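The structure appears right after this line, and notes come after that.
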Amino acid sequence: MSTVVPDQPVLTAQGVQVTFSSANSQLEAVAEATLTVMPNEFVGLIGPSGCGKSTLLRVLGGLMPPSAGEVLFEGQPLRGPQRKIGFVFQKANLMPWRNALRNVTLPLELAGVPLAEARERGRALLELVGLADFCDAQPRDLSGGMQQRVALARALVYDPAVLLLDEPFGALDALTREKMNAELLRIWQARRKTVIIVTHDIQEAVILCDRVIPMTSRPGRLKEEIIVDLPRPRSLDLLTSPRFSALAAELRRSLG
Ligand code: ADP
Ligand code: MG
């Protein structure tokens, strides 16, 4: 289990800047990002393509160091990837020769967890993401949405405190994406986590998040956040509510 201290931030970014340098050019990807994320919050980062969302998320997950500034995870400087921080990317990146279950158990197998225990945990997670009957399926036989469910189960395998989602449903068609949003709401309700999701979809940001932080175009800066005061637990029924429409309009205005 994760060691969540209720009133202590899980993740803090202080003056995070990222500049990519090569021999003859410099590209400023993230201009300045300061944010604090509390336990079990669901936070959205939204902005135009290329504005530095993925870069910022990678820094928040310890996958790359910032050029300036600092990230704290559970109060300590973040120095690299952590088991307590799970990632899901736009591409599921499943091992094509391993079935769904063995993709989920792979991190556990690599960590030396006995196979029987790994399989038990993997099965429970596939059940959680609605794939109980697909443990033996090969990735090529799964739809895009199902592959992302497997990736989500794999990201949950260490029971991380934080889940970082980088446009996890960005490659899916609109209807499948809506369905996955509903699934993610259900899973989050069942296994409370701190979640940061990167998206460029206004509807997705509003239906999922407690607050959404719009970003400017590159170099990305965080704009004033929008608090999403829709009641929880949420369902897709909210998509037709006046409050949802008002929040979506406010977010659209902020994105300009
Ligand atoms: P987003 O996720 O918002 O679409 P990214 O964070 O992927 O944006 O990229 C922000 C900018 O940084 C883009 O201009 C991209 O080309 C550039 N960039 C991203 N990763 C690298 C890298 N490893 N080396 C050089 N430039 C990069
Ligand atoms: Mg990106």
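The values are calculated or read from the model by the stated rules, or taken from the named source; none is laboratory data. Since this is a predicted model, take the numbers as computed values, not measurements. All Cβ positions, even for glycine, are placed from backbone atoms using ideal geometry, and neighbour counts span all protein chains on display.
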Discussion item. If I ask for residues that are within 16 Å of ligand 1 (Cβ to nearest atom) and among the aromatic types (Phe, Trp, Tyr), which ones from the range 57-108 would you list?
Written reply: PHE87, PHE89
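In the list ALA100, ALA116, which residue meets the criterion of being over 17 Å from the mean Cα position of the chain (by Cα), over 18 Å from VAL198 (Cβ atoms) and either buried (at least 17 other Cβ atoms within 10 Å of the Cβ) or modelled with pLDDT under 95 (or both)?
After applying the criteria, what remains is ALA100.
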Item to complete: Tell me which residues, restricted to the range 214-227, are touching a Lys or Arg at 6+ places or on another chain (Cβ under 9 Å), of a type in the set (A, V, I, L, M, F, W, C) and surrounded by fewer than 24 Cβ atoms within 10 Å (Cβ to Cβ).
Response: ILE226, ILE227
Item to complete: Count, please, the residues in the range 228-240 that happen to be charged (D, E, K, R) and either crowded, with 19+ Cβ neighbours inside 10 Å or in contact with a strand residue (DSSP E or B) (Cβ under 6 Å, 6 or more places away or on another chain) (or both).
Response: 1
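May I ask you to list the residues in the range 202-225 that are among the polar types (S, T, N, Q) and away from ligand 1 (no atom under 12 Å from the Cβ)?
Matches in the range 202-225: GLN203 only.
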Discussion item. What pairs come out if I take residues in the range 120-140 that are at negative phi and pair them with residues that are loosely packed, with under 13 Cβ neighbours inside 10 Å and at pLDDT 95 or above whose C-beta lies under 7 Å away, six or more apart or interchain?
Written reply: LEU126/ALA132; PRO139/PRO96; ARG140/PRO96
Discussion item. Test of understanding: among LEU11, LEU57, LEU35, LEU72, which residue is in contact (Cβ under 8 Å) with a residue 12 or more places away in the chain and surrounded by fewer than 18 Cβ atoms within 10 Å (Cβ to Cβ)?
Written reply: LEU72
Worksheet, complete the sentence: Per the filter on the range 184-198, residues farther than 15 Å from THR55 by Cβ and either outside any strand (DSSP E or B) or within 16 Å of ligand 1 (Cβ to nearest atom) (or both) are LEU184, LEU185, ARG186, ILE187, TRP188, GLN189, ALA190, ARG191, ARG192, LYS193, ILE197
Worksheet entry | Out of ALA171, ALA205, ALA248, sole residue that is out of contact with any Phe, Trp or Tyr (no Cβ under 7 Å at 6 or more places or on another chain), within 16 Å of ligand 2 (Cβ to nearest atom) and at pLDDT 95 or above | ALA205
